[in-house]
Amino acid sequence: MSTLEIKDLHVSIDTEQGEKEILKGVSLVINTNETHAIMGPNGSGKSTLASTIAGHPRYKVTSGSITLDGADVLEMSVDERAKAGLFLAMQYPVEVPGVTMTNFLRTAKTAIDGEAPKLRTWTKDVKEAMAKLKIDADFASRNVNEGFSGGEKKRVEILQMELFKPKFSILDETDSGLDVDALKTVSEGVNRAQEENQMGTLLITHYTRILRYIKPDFVHVFVDGRIAEQGGAELADRLEEEGYDRFLNVQA
Amino acid sequence: MSETTTQIPEEKARIGAPSIPGFTEEGENLSPLNDSASSPLAGASSKSHSHGGGEGVTDSSRAGRLTSYNVEDFPKLTGREEDWRFTPLKRIGSLHTAELTGQAPKVELTGSENVTLRTVAADDAIRGNAFTPDDRVSANGWKYADGAQVLTIPANAENTKSILRITGESLEPAAQHLIIVAEENSEAMVVIDHVGSAVLAQNIEFDVRQGARLRVVSLQAWESDAIHASSQQAVVAKDATFKHIVVTFGGDLVRVNPSARFAGEHAEIELYGLYFADAGQHLEHRLFVDHAVPNCKSNVLYKGALQGKGAHTVWVGDVLIQKAAVGTDSYEANRNLVLTDGTRADSVPNLEIETGLIDGAGHASTTGRFDDEHLFYLMARGIDEKTARRLVVRGFLNEIVQQIGDEQLEERLTDTIEEELAATHL
Ligand SMILES: Nc1ncnc2c1ncn2[C@@H]1O[C@H](COP(=O)(O)OP(=O)(O)OP(=O)(O)O)[C@@H](O)[C@H]1O
Ligand SMILES: [Mg+2]
């Protein structure tokens, strides 16, 4: 079993007006096979948390720690974090012109595993994973995310998650922009990975819709760079009914 | 005319730094109609074959560009001229003023046996059939070229492949004239492979006869001290296709000016280019497509990468669609990828349209910094920084490499790109 532990994390970014603190002390422990949902108003810092875990250089950790089975994640470069077993499905996946999906997937898999996958089985694995996620086979020859629709990009993020088999996945609004069928397909993918690959999941979302398919063990309410409340799956339903006013009023 | 100069300041790039202005895409910014029917379409376009004095007037239109076989017709260069303003004249090895009597690079032919190479005298009538000097250096090269080498692809030849290896062995300013004749309905690939060291004013003419299909790769793989000004002109006859691919890696200062003129209907011209400028290198490409007759098609795509302090690239794309050229379909684009600080990319697409009866015409120019978000995305998938950069640059340039259509050469270029990238100190 693995553990991803975030302790009293403070994160700032450089803005034109100077340094701005976005995360103001976040603590969170995720274990293998657990699903943690994070919900919260726009701008509360959810993506900041996700990107900081992945190591995006824009975000500066001013104090606190992130460890993976005791290893200091903040000391690792972006690619080392991926190799250590962290995966971020991005809210806005980036288009990379000139690099085909096939080439990209193989290069990434080789980097993560430390050895090239056996060509025969790899090609088969990719094909099958694509089929399960209802991604057309000709996407393999297209450039990474280039011209993909919003929903297609999200599906391709999950495809990578299934192929790279991370220990922990952070899904940043992967459900946004998915149609009803795709939402189901993608959720099945996440559940599959969790069962087959012994994965823990941090699921950032605005909607309880996806939580019908992916059952969260914990729900965290994110407000103004902090976790304002924690609970079980029932908290999500309550948020959907009441909104975030309750938390925002407390602040005011 | 529209123009972009992108100068990347010496500032350390940071991933995700407050959004670095990405790619600037220009729309279809057509220049106003130039409908003076009497405009002296002297240029390369309609000049009768004479070895005499100059014609044409100097104005902003490409059609009015002075052309002449007589170097004295071109005023002394100041560096302020429209077509010289980006070129550091100090570094051009006096090619515009010197007596170009140095040893011209050696020319060796390998490849298909039915393609022949012969030498003719400077005053041979064949010289200038498809060529008129259009700047002072080219005219100076014309004056001093000691004869010309003529490569002939015989009529109806199928699928020939020839390699002209041009080896420079001296830094004395020299002149060279090459003529490539693709006879009727021939099908050929010609690689002009420049290696070694030279200070060279070179003129190359391509006579692409009716129904011929000529693919040319001009490869500038010079040593780092070479200075090379090359005017490469093609006349493309009815039903012919001319595909020209420039690849420039080597040399201190390289200035290649490809120009192609349609001389008959239903012909096609494709001009591609790939350049990779390192610290201190000046790589300039100025091309001209002259749509002088109806129903022809042209496509231009140049892609360049820049890295290192003082790497400077210039791309100027003149496309002229003359009044007679109804039914023209034309597109030109230049894309630059900036890999490090301290480089400069000038890009000037220049499209002139004298008739509204065309199928299409457009241009685009983008100069973008290596996008750090690309890097983050790839690295977040476990790919190390160096590999990630290579993936992106290789992908960017591959579009041109693929145009070459020759496995051996494509492999050699891919290797060269790898070497260039390996030399990057990022
Ligand atoms: N470059 C920047 N300059 C100023 N503020 C910024 C900058 N980048 C991010 N922020 C701010 O940081 C805060 C947190 O943003 P973040 O993307 O983490 O929010 P989020 O919770 O993911 O929101 P959403 O639900 O809309 O995705 C926001 O208020 C945002 O405006
Ligand atoms: Mg977000």
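The values are calculated or read from the model by the stated rules, or taken from the named source; none is laboratory data. The model shown is predicted, which means the values in this text are computed figures rather than measured ones. When we count neighbours, we look across all protein chains shown, and the Cβ atoms used for this are built from the backbone with ideal geometry, even at glycine. When the accessible area is computed, the model is the full protein with side chains, heavy atoms only, and any ligands, DNA or RNA have been set aside. Shrake-Rupley method; radii C 1.70, N 1.55, O 1.52, S 1.80 Å.
Laid out as a table, the results:
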| item | result |
| --- | --- |
| Yes/no for A:V94 being within 16 Å of ligand 2 (Cβ to nearest atom) and open to solvent by 10 Å² or more (accessible area, probe 1.4 Å) | yes |
| Failed item in (1) crowded, with 18+ Cβ neighbours inside 10 Å; (2) in contact with a Gly (Cβ under 8 Å, 6 or more places away or on another chain), with B:L357 passing the rest | (1) |
| Qualifying residue in segment B:407-415 (condition: open to solvent by less than 10 Å² (accessible area, probe 1.4 Å) and modelled with pLDDT under 90) | no |
| Selection count, segment B:256-280, where residues are open to solvent by 10 Å² or more (accessible area, probe 1.4 Å) and among the β-branched types (V, I, T) | 0 |
| Subset of segment A:1-59 [hydroxyl-bearing (S, T, Y) and either under 23 Å from A:M199 (Cα atoms) or within 14 Å of another protein chain (Cβ to nearest Cβ) (or both)] | A:S2, A:T3, A:S12, A:T15, A:S27, A:T32, A:T35, A:S47, A:T48, A:S51, A:T52, A:Y59 |
| Residue within segment B:382-393 that is basic (K, R), in contact with a strand residue (DSSP E or B) (Cβ under 9 Å, 6 or more places away or on another chain) and open to solvent by 10 Å² or more (accessible area, probe 1.4 Å) present | no |
| Tabulated pairs, segment A:101-113, first facing another protein chain (nearest Cβ under 7 Å), second among the charged types (D, E, K, R) and not in a helix (DSSP H, G or I), C-beta under 9 angstrom, 6+ apart or interchain | A:T107/B:R381; A:A108/B:R381; A:A111/B:R381; A:A111/B:D384; A:I112/A:K165; A:I112/B:R381 |
| Test: A:E80 is open to solvent by 60 Å² or more (accessible area, probe 1.4 Å), within 9 Å of chain B (Cβ to nearest Cβ) and either closer than 24 Å to A:L239 by Cβ or modelled with pLDDT under 95 (or both) | no |
| Matching residues in segment A:123-139 - criterion: being assigned to a loop (DSSP other than H, G, I, E, B) and among the acidic types (D, E) | A:D136 |
| Residue match in segment A:9-16 (condition: of a type in the set (G, A, S), open to solvent by 30 Å² or more (accessible area, probe 1.4 Å) and away from ligand 2 (no atom under 16 Å from the Cβ)) | no |
| Residue check, A:V73 open to solvent by less than 40 Å² (accessible area, probe 1.4 Å), more than 7 Å from every other protein chain (Cβ to nearest Cβ) and more than 24 Å from B:F370 (Cα to Cα) | yes |
| Test for B:G250: is it of a type outside the set (S, T, Y) and in a loop (DSSP other than H, G, I, E, B) | yes |
| Hits in segment A:24-58 - residues which are under 30 Å from B:E385 (Cβ atoms), buried (at least 21 other Cβ atoms within 10 Å of the Cβ), of a type outside the set (S, T, N, Q) and near ligand 1 (Cβ under 8 Å from one of its atoms) | A:G45, A:K46, A:L49, A:A50 |
| Residue in segment A:140-150 that is within 14 Å of chain B (Cβ to nearest Cβ) and part of a strand (DSSP E or B) present | yes |
| Index of the failed condition, B:A364 passing every other in (1) in contact with a strand residue (DSSP E or B) (Cβ under 9 Å, 6 or more places away or on another chain); (2) in a loop (DSSP other than H, G, I, E, B); (3) farther than 30 Å from A:D113 by Cα | (2) |
| Residue in segment B:64-79 that is most open to solvent (accessible area, probe 1.4 Å), counting only those that are assigned to a helix (DSSP H, G or I) and in contact with a helix residue (DSSP H, G or I) (Cβ under 8 Å, 6 or more places away or on another chain) | B:D73 |
| Members of segment B:195-249 that are surrounded by fewer than 24 Cβ atoms within 10 Å (Cβ to Cβ), of a type in the set (G, A, S) and under 21 Å from B:A104 (Cβ atoms) | B:G196, B:S197, B:S218, B:A221, B:S224 |
| Residue check, A:S2 more than 24 Å from B:D372 (Cβ to Cβ), open to solvent by 40 Å² or more (accessible area, probe 1.4 Å) and either among the hydroxyl-bearing types (S, T, Y) or within 16 Å of ligand 1 (Cβ to nearest atom) (or both) | no |
| Residue identified as more than 9 Å from ligand 1 (Cβ to nearest atom) and more than 23 Å from A:A89 (Cβ to Cβ) among A:D14, A:D8, A:D79 | A:D8 |
| Condition broken by A:I66, with the remaining ones in (1) more than 16 Å from ligand 2 (Cβ to nearest atom); (2) assigned to a strand (DSSP E or B); (3) within 8 Å of chain B (Cβ to nearest Cβ); (4) not basic (K, R) satisfied | (3) |
| Residue satisfying all of: in segment A:141-178; of a type in the set (A, V, I, L, M, F, W, C) and within 17 Å of B:L378 (Cβ to Cβ); farthest from ligand 2 (Cβ to nearest atom) among these | A:L163 |
| Tally of residues being within 12 Å of ligand 2 (Cβ to nearest atom) and either farther than 13 Å from A:G225 by Cα or among the β-branched types (V, I, T) (or both) across segment A:32-51 | 3 |
| Some residue of segment B:150-161 being at negative phi, assigned to a strand (DSSP E or B), hydroxyl-bearing (S, T, Y) and touching a Pro at 6+ places or on another chain (Cβ under 8 Å) | no |
| Those residues of segment B:294-326 which are surrounded by 23 or more Cβ atoms within 10 Å (Cβ to Cβ), of a type outside the set (G, A, S) and in a loop (DSSP other than H, G, I, E, B), in sequence order | B:C296, B:Q307, B:Q322 |
| Verdict on A:V29 being away from ligand 2 (no atom under 16 Å from the Cβ) and either part of a helix (DSSP H, G or I) or out of contact with any Pro (no Cβ under 8 Å at 6 or more places or on another chain) (or both) | yes |
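Yes/no matrix, rows are residues, columns are (1) away from chain A (no Cβ under 14 Å); (2) in contact (Cβ under 8 Å) with a residue 60 or more places away in the chain:
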residue: B:R381; (1), (2): no, no
residue: B:F396; (1), (2): no, yes
residue: B:I400; (1), (2): no, yes
residue: B:I404; (1), (2): yes, yes
residue: B:E411; (1), (2): yes, no
residue: B:E418; (1), (2): yes, no
residue: B:L421; (1), (2): no, no
